[in-house]
Structures are given as C-alpha cells and as structure tokens.
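Okay, so here's the structure we're looking at.
The values are calculated or read from the model by the stated rules, or taken from the named source; none is laboratory data. Predicted, not measured: the structure shown is a model, and the values here were computed from it. Neighbour counts run over all protein chains shown; Cβ positions are idealised from the backbone, glycine included. Only protein heavy atoms, including side chains, enter the accessible area calculation; ligands, DNA and RNA are left aside. Shrake-Rupley method; radii C 1.70, N 1.55, O 1.52, S 1.80 Å.
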Amino acid sequence: MSDQPSGGRGRAILGFSVGAAFLAFALRGVPFDELRGAVARLDAATLAAVAGLTLLQQLFRTWRQALLLEPIAPGISFRQQLLMFQLGFLGIAILPARLGEIVRPAMLRRRQGLPLSRGIGFVVAERMLDIIVVLAALAFTLERADAGTAAGEIVLELRPLMIPGLVGAASALVIAIWWGEPMTRRWLVPERGRIREALADFVGTLSVLRSVPRLVAGGALSAAHFACMAFSVSFVAEALGLGDAIGPVESLGVLCLTMIGLALPAPPGQIGVFEGSVVAGLSVFGVSGDQRALALAFALVVHWWPLAVHAGATALLVGWHREETRGLFGELRTASEPPEEPGNGSLGPRTQD
C-alpha cells in the first residue's frame, strides 16, 4: 500500500522537474517588458478567430469520437458525445502524464456499462489516428525547417525517418484491427485469466473498427481538426509579427513538434512543457535569438487561450446538464471498481430500483 503513494509522489516530482526545465528554457533570455509588449500586439479579432477555430476543431473531434464509438457503444446522442468529449479533453489538458485519457473510458464504463479495457481500446485507436496524421504532417512540414539553425539542422536530418514511422504506425493500427484477435487467441497464455481477458477485450474493441470507410473518415476528421489548429496558430503568429516565418504550414509543424514534447511527464496543465515545446518548435523554423520574447508570447497565447475557451465551453455544457454530470468526478475516482449494474444506454445518472 505504501508503494502507490510513493510512486505517485515520484511521478509528480518527475513531472514538475521536467516542467521546470522546459519553462526555464522558454524563459531564458526573455526581457519581461518585451514579453508584455508582444502580448499587447494581440487584437480582439485574432482572439475571436482562434476561439472560433478552437470550437470548430472540438466539433470535428467530437464527430470523430462518435464515429469510432458507434460500433462499440451505439446509441449515444451527439449532445452526450459532446459533453463526454469536452470533459475528457479538459481532463487531458489539466491532469499530468495524460491521466485525463481515462476520463472518457471511465464515463463509458459507469454510464454505459462498457468495460474499461474496451473504452481504452477506443482511445488507443483515436490516438493511433492522431499519430499517423502527426507523422504525415511532419514529413511534409519539416521540409520548411531552417537549416541555418542548430534545431533546424537536426530536424532535417531526422526528417527521412518520418515516412518509415508513418508506415509503421499505419501498419500497427491495421494489424491490431484486422489480425489482433487471432494473434491474441494464439499467443496469450490461457492460465493468466484476468490479464488475458482484459487484453482480449481490448483487442476485440479494435476489431469492431474493422471498416475501411470508418477509418478513412476518422483519419479525415483528424486531419480537419489539425488544420483548424494550424490556422488558429498561424493567426497568432501573424498578429505577433512572426507571419513571415510561421505560416499555416510551419504552424502545423510547430503543433506536431509540440505534441511530441507533450508525451513527456508534465505537471498539471502541462505548465512549462507546453511552452518549452512550442519555443523549441519555433526555433526549428528560424524563430530564435532576438525574437525569444515573441516566441514565448506566442507559446503562452497558443497554450492558454484555447484552453480557456475550451474550459468556458465545458463549464456551459456542465451547467446545462447538471443532472448528467452530478457525481461524475466521484465516479471517476472509483473507476477501477466494477459497475453495480448494467448501463441504461444513457450518459445520464442511473436510477435506483
């Protein structure tokens, strides 16, 4: 019992340490008066455009979630899908070490009676689509890297690895979906019943997605939400005077590099890791040196403004659906416990017999 708290403390210390190191990198050599002046360049029209594109990409992501969940947990209305997505994404953005990924599987388990392993299978499929889009985008965007910078030179040398990585990720998803079940039955040791059952359930979830049109549509929706983010980021770059170096293509590259950085341990809210990853991504495309104040201002706005928009939209949804979210966070804390009774096909609260 004592191992769990110490393990949690260790993860927290590691996350805060990585966040502090990345934040120190982002703050290095930045005069704060220049930082204030850079942030003051932002106008209401830019912030409104970013807010609109943020909400649009959340709709694309909710649509993708509904598409992938339909064969796994059918009958969930789009309104309920949106509520689940908003809460899940906010959990990912706020909780450390991507612990927020468990929010949607936990909601599906407690409200739909869906085993946690099946909900995790859905999340893994979603993340694999994201990885495929990220690798494809990097193979395209890193051609614009600035060879005159140390970061740009390193990335240009690594760019040829993106295509094999893309092929590997796509192959892994196809193999897991089309051949995962027979491989599980053949290779897993039957005596390890509980582990075997959970893994078989997880792989079985992926097999339900054995539909080329569904996966192609999911990939297209992934590309659409990445495009929304890239255009919103390019608007911020233009407003801050970085438009010559950071257009929509470079913005997509910065976003993808930032997502790679966010795979590292991080403190709550991804504080420091997000800012440091964005500043590093900008340096790949030539934004460095005397533009560090602009780079940090860019990172702060790209991190916190969309998150504030998302948090506000989530708060409105939760306010409109208090009955459906009442007791939800208590349920998430006990997500490891088996459900008391089968779900009734709704994300709303259960009725007592």
Inset, instruction - Take segment 220-238 and flag every residue that is surrounded by fewer than 16 Cβ atoms within 10 Å (Cβ to Cβ) and either hydroxyl-bearing (S, T, Y) or assigned to a loop (DSSP other than H, G, I, E, B) (or both). - result: none
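For segment 96-152, which residues satisfy the criterion of being charged (D, E, K, R) and in a helix (DSSP H, G or I)?
Taking segment 96-152 first, the residues charged (D, E, K, R) are 98, 101, 104, 109-111, 118, 126-127, 130, 143-144, 146.
Within segment 96-152, R98, E101, R104, R109, R110, R111, R118, E126, R127, D130, E143, R144 meet the criteria.
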Inset, instruction - Starting from segment 295-321, take each residue that is of a type in the set (G, A, S) and list its partners that are open to solvent by 40 Å² or more (accessible area, probe 1.4 Å), counting only C-beta distances under 7 angstrom and pairs at least six apart or across chains. - result: A297/V39; A313/L55
Inset, instruction - Just one of (1) open to solvent by 30 Å² or more (accessible area, probe 1.4 Å); (2) closer than 23 Å to R11 by Cβ; (3) basic (K, R) trips up R109, so point out which. - result: (2)
Legend entry - Qualifying positions in segment 241-257 - surrounded by fewer than 24 Cβ atoms within 10 Å (Cβ to Cβ) and part of a loop (DSSP other than H, G, I, E, B): G241, G243, D244, A245, G247
Inset, instruction - Examine segment 212-219 for a residue that is open to solvent by 10 Å² or more (accessible area, probe 1.4 Å), at pLDDT 90 or above and not in a helix (DSSP H, G or I), and state whether such a residue exists. - result: no
Legend entry - Condition check for I72: surrounded by 17 or more Cβ atoms within 10 Å (Cβ to Cβ), on the phi < 0 side of the Ramachandran plot, in contact with a Leu (Cβ under 8 Å, 6 or more places away or on another chain) and not in a helix (DSSP H, G or I): yes
Inset, instruction - Evaluate segment 147-157: report whether one residue or more is buried (at least 19 other Cβ atoms within 10 Å of the Cβ) and touching a Lys or Arg at 6+ places or on another chain (Cβ under 6 Å). - result: no
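On the basis of being touching a residue at least 40 places away in the same chain (Cβ under 8 Å), assigned to a helix (DSSP H, G or I), closer than 30 Å to G204 by Cβ and open to solvent by 20 Å² or more (accessible area, probe 1.4 Å), does F25 make the cut?
Working: touching a residue at least 40 places away in the same chain (Cβ under 8 Å): yes; assigned to a helix (DSSP H, G or I): yes; closer than 30 Å to G204 by Cβ: no; open to solvent by 20 Å² or more (accessible area, probe 1.4 Å): yes.
Against the criterion (touching a residue at least 40 places away in the same chain (Cβ under 8 Å), assigned to a helix (DSSP H, G or I), closer than 30 Å to G204 by Cβ and open to solvent by 20 Å² or more (accessible area, probe 1.4 Å)), F25 does not qualify.
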Legend entry - Looking only at segment 174-202, and only at residues there that are assigned to a loop (DSSP other than H, G, I, E, B) and charged (D, E, K, R), the one that is modelled with the lowest pLDDT: E191
Legend entry - Test: A263 is over 20 Å from L59 (Cβ atoms) and either open to solvent by less than 10 Å² (accessible area, probe 1.4 Å) or polar (S, T, N, Q) (or both): no
Inset, instruction - For segment 110-149, name all the residues that are over 19 Å from W63 (Cβ atoms) and without any contact (Cβ under 8 Å) to a residue 24 or more places away in the chain. - result: E143, A147
Legend entry - Filtered residue count, segment 94-106, keeping only those that are touching a residue at least 40 places away in the same chain (Cβ under 8 Å) and either open to solvent by less than 10 Å² (accessible area, probe 1.4 Å) or aromatic (F, W, Y) (or both): 2
Legend entry - Leading residue by the ranking (surrounded by the fewest Cβ atoms within 10 Å (Cβ to Cβ)) among those in segment 122-146 that are more than 17 Å from the chain's Cα centre (by Cα) and of a type in the set (A, V, I, L, M): A139
